[in-house]
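Before any comments, here is the structure.
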Amino acid sequence: MSNRTGALGRYLPWLDWGRQYHREWFANDMIAAVIVTLMLIPQSLAYAMLANLPPQIGLYASILPLVAYALFGTSRTLAVGPVAVASLMSAAAAGHVAMPGTPAFYEASILLAFLGGAMLVVLSLIRAGAIGNLLSHPVVSGFIIASAVLIAAGQIKYLFGVSAKGDTLVAIIASLSGALAATHTITLLIGAACLIFLLAVRKYGKAALSAAGLSPRAADIAVKAGPVLTVIVSTLVVSLFNLQTQGVKVVGHIPASLPSLTLPSLNLAQVKSLLLPAFLIALIGFVESVSVGHTLGAKRRQRIDPNQELMGLGAANIASALSGGYSVTGGFARSVVNFDAGAETPLAGVFTAVGILIVTVAFTPYLANLPQATLAATIIVAVLSLVRFDILREVWNYSKADFAAVAATIIVVLTAGVELGVLAGVILSILLLLAKISKPHIAVTGRVPGTDHYRNILRHNVIQSDSVLSLRVDESLYFPNARYLEDALLALVTERPGVQHVVLQASAINDIDSSALESLESIETSFKDMGVTLHLSEVKGPVMDKLRNTHFLTHLRGQVFLSHDQAMKALDPAIAADAASQP
């Protein structure tokens, strides 16, 4: 029975933690669910607005997806739901096939979630969890920073109560500059008050409440409830003074009901148009979720399975589409809140879903006079935490190439839009990888005195051989770097007329493809014409197995040595004598 549970647990992770579930975990999950629910209510409404959808759609996307992820996801603390970046991308993609506010736009948003979820499930079934590596961390960081700036800029119009549009930062600024003269004063006062309050609560709230005598846990819950308090107070103010009749824009009527479970409309032309955007939204969501899941899991020595995460997030998006929601993923902010609140298992997400369901069917009519400016302030404060310009400084100091990728991604997102920004990020990640592979580090090495270790002659005081050239290649050999390797080795030998042997240390070579093998054969032929013998050392087992299936070893005039030190001592008597004289 236990073996069967273990096998099923690979595909249904809840079977593993479910068998261990106990009362203390239940209490912690319930407390975490209350805190996350308080945070998720205003966020769901706000992110739906960001996706150009009715506010209740954000609530729909926060119910069944949480249950689906709890069944199939492997992270015990990842909190799934609408997020800012996915909402922005969904709005941009759906906007290409339909006008915002129309039924067709809503259908396109649902279809995006369904297609993205289906693709994630397929990727899970073929065990393609490594697909997240298509986007490098610097590129993802640049994309998130730029998207956060774009999102914040797009919400300014709601704070000022003006009409503006634009999919790029330049277009948004140009549109706002011509509209700010028509600023609605009351709306601006509401928006500014909400923004200042939320920023103050985030920065000083916990310390102030703790100083007032609240326990750290109570203070933390109160701070997380700040956006809910903002929603309640601003709605009451608008209702009491009838500000909606004075030009303050509100969210309007929100149905106190749940949508019917239906399949999305699979229009072939629309599917073709949305297939690539759906994949990009799903890819970004997967990369962000896995990153958050790994980070939080490491703090409790818990492991997540990227392949199963594809299934969990895919199921969550399909569940969202079937229940009238839109694209969802694991949010960084709410996942950290879920973790800090003490969530023990994904059941905390199920409890959160129940809380959102209760709000949806019982309290949404009271939100009709909720100002749009309040939701805009909520979004701006939420995305500001994603804008970390210190990352740019760190990347600049560490790698100029990575900084170029970050900067390029930010510029493309801000000037050309999120979809082109994601594509640019994927292309840049691949180009950076190819650039790194195409010019592998090749070190001329020498023996460290008194040891059998060989190190780079440019970094260490070493003993070199006059007749044997000792080399180390720090990269696997593939078609992008095959020609570079050939040119580099021939150049090194040409510069050293006294060299009779070349020993290539292969300890860092994990693979050799057919193009690189052809280059090695060419190097062997060229060395033969030059009167130089090529040898290999420390070749890994899997690489050696592949070489044995070729004619290369038959044609190789040199030897394959078990260790590099063994090769050098065998080929240069001076090195061997010096080693023997060492105490």
For this session: Mind jotting down the three principal axis lengths of segment 473-553 based on Cα atoms? Whole angstrom, largest first.
Result: 34, 23, 21
Exercise. Sorted by packing (mean other beta-carbon atoms within 10 Å per residue), highest first, where do 77-86, 157-166, 333-342 land?
Worked result: 77-86, 333-342, 157-166
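Average the reciprocal distances over every distinct pair of alpha-carbons in segment 13-153, invert the result, and give the Kirkwood radius in Å. Let's see the in-between values first.
Working: mean 1/r = 0.0582 Å⁻¹.
One decimal place: 17.2 Å for the Kirkwood radius.
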Exercise. Ordering TYR21, TYR69, TYR398 by how much accessible area each has at a 1.4 Å probe, largest first, what is the list?
Worked result: TYR398, TYR21, TYR69
Exercise. Which shape class, rounded, prolate or oblate, goes with segment 95-155 when its Cα gyration tensor gives a ≥ b ≥ c as root eigenvalues, a/c under 1.5 marks rounded, and past that a/b bigger than b/c marks prolate?
Worked result: oblate
Problem set entry | Between segment 51-65 and segment 169-199, the alpha-carbon center distance in angstrom | 25 Å
Seminar exercise, completed: At the level of C-alpha centres, the distance separating segment 377-420 and segment 499-572, in angstrom, is 44 Å
Exercise. Going out from 0 in 20 Å bins, what whole percent of all Cα-Cα distances in the chain drops into each bin?
Worked result: 18, 41, 25, 14, 2
Exercise. Arranged from highest to lowest average of other beta-carbon atoms within 10 Å per residue, in what order do the peptides 254-263, 100-109, 273-282 appear?
Worked result: 273-282, 100-109, 254-263
For this session: Report the one residue of ILE463, SER515, PRO346 whose Cα lies farthest in the direction of the positive end of the charge dipole of the chain (charges on C-beta: Lys and Arg +1, Asp and Glu -1; origin at the Cα centre).
Result: PRO346
For this session: Hey, can you find the accessible area per residue of segment 443-583 for me, probe 1.4 Å, expressed in square angstrom?
Result: 50 Å²
Problem set entry | With all protein chains modelled, accessible area of GLU394 [1.4 Å, Å²] | 100 Å²
For this session: Note down the accessible area of ARG557, probe 1.4 Å, to the nearest 10 Å².
Result: 100 Å²
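Sorted by accessible area with a 1.4 angstrom probe, largest first, how do LYS206, LYS299, LYS224 fall? Don't jump to the answer; show the numbers that get you there.
Details: LYS206 95, LYS299 135, LYS224 45 Å².
The residues order as LYS299, LYS206, LYS224, largest area first.
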Seminar exercise, completed: Any DSSP H helix in the chain with Cα axial reach of 27 Å or more and mean Kyte-Doolittle score of at least 0.0? Listed by number, the hits are 23-50, 103-125, 137-160, 268-299, 418-438
For this session: Find the percent of Cα-Cα distances in segment 112-250 that exceed 28 Å, and round it to a whole number.
Result: 47 percent
Exercise. Dividing the convex hull volume of the alpha carbon atoms of segment 245-403 by its residue count, what do you get in Å³ per residue?
Worked result: 202 Å³
Problem set entry | Positive-end extreme of charge dipole, the chain - chosen from PRO100, GLY166, ASN242 (charges on Cβ) | ASN242
For this session: Taking the dipole about the Cα centre of segment 294-398, with the C-beta of Lys and Arg at +1 and of Asp and Glu at -1, give me whichever of ALA333, PHE363, LEU392 is farthest to the positive side.
Result: LEU392
Seminar exercise, completed: Per the rule of 0.36 nm per residue minus the C-alpha distance, extending ASN267 to SER239 adds in nm 5.8 nm
Exercise. Can you pull the Kirkwood radius for segment 53-128, inverse mean 1/r over Cα pairs, to one decimal in Å?
Worked result: 13.7 Å
Exercise. Using the Cα gyration tensor of segment 444-502, with a ≥ b ≥ c the square roots of its eigenvalues, what is the shape: rounded (a/c below 1.5), prolate (a/b larger than b/c) or oblate (neither)?
Worked result: oblate
Exercise. At 25 °C and 0.890 mPa s, what whole-number value in µm²/s does Stokes-Einstein give for the translational diffusion of segment 373-445, with Rh from the Kirkwood sum over Cα pairs?
Worked result: 168 µm²/s
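Inverting the mean 1/r over all pairs of different Cα atoms, compute the Kirkwood radius of segment 332-378 and quote it in Å. If you can, show how the numbers build up before the last one.
Details: mean 1/r = 0.0783 Å⁻¹.
After inverting the pairwise mean of 1/r, the radius is 12.8 Å.
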For this session: In Å and from the alpha-carbon atoms only, list the Rg and Dmax of segment 310-424.
Result: 18.8, 54
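Percent antiparallel among DSSP beta bridges with both residues in the chain, to the nearest 5? Walk me through the numbers before you get to the answer.
Details: 10 of 23 bridges.
The antiparallel proportion sits near 45 percent.
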Seminar exercise, completed: Over the Cα atoms of segment 392-546 the radius of gyration and the largest Cα-Cα distance (Dmax), both in Å, equal 19.5, 60
For this session: List the residues of segment 452-496 whose backbone N lies under 14 Å from a point placed 7 Å from the Cα of SER514 along the Cα-to-Cβ direction.
Result: 479
For this session: Just read off the accessible area of LYS400 with the full protein assembly in place, 1.4 Å probe, to the nearest 10 Å².
Result: 110 Å²
For this session: Evaluate the charge dipole of segment 206-319 about its Cα centre and quote only its size in Debye, nearest 20, assuming +1 on the Cβ of each Lys and Arg and -1 on the Cβ of each Asp and Glu.
Result: 300 debye
Seminar exercise, completed: Per-residue accessible area, 1.4 Å probe, largest first, puts GLU309, GLU288 in the order GLU288, GLU309
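In deg cm²/dmol, rounded to 500, what helix-only [θ] at 222 nm does the chain give when every DSSP H run of at least 4 residues adds -39500 (n - 2.57) and the total is split over its residues?
On the way: 27 runs with 365 residues, N = 583.
Value at 222 nm, helices only, nearest 500: -20000 deg cm²/dmol.
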Exercise. To the nearest 20 debye, what is the magnitude of the charge dipole of segment 1-126 about its Cα centre, counting +1 on the Cβ of each Lys and Arg and -1 on the Cβ of each Asp and Glu?
Worked result: 320 debye
For this session: Please compute P(r) over all alpha-carbon pairs of segment 241-323, binned at 10 Å starting from zero, and give each bin as a whole-number percent.
Result: 13, 27, 24, 22, 12, 2
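The values are calculated or read from the model by the stated rules, or taken from the named source; none is laboratory data. Keep in mind it's a predicted model, so treat the numbers as computed, not measured. Note that each Cβ is placed from the backbone with ideal geometry, even for glycine, and that neighbours are counted across all protein chains shown. Each accessible area value is taken on the protein alone, full model and side chains, heavy atoms only, with ligands, DNA and RNA left out. Shrake-Rupley method; radii C 1.70, N 1.55, O 1.52, S 1.80 Å.
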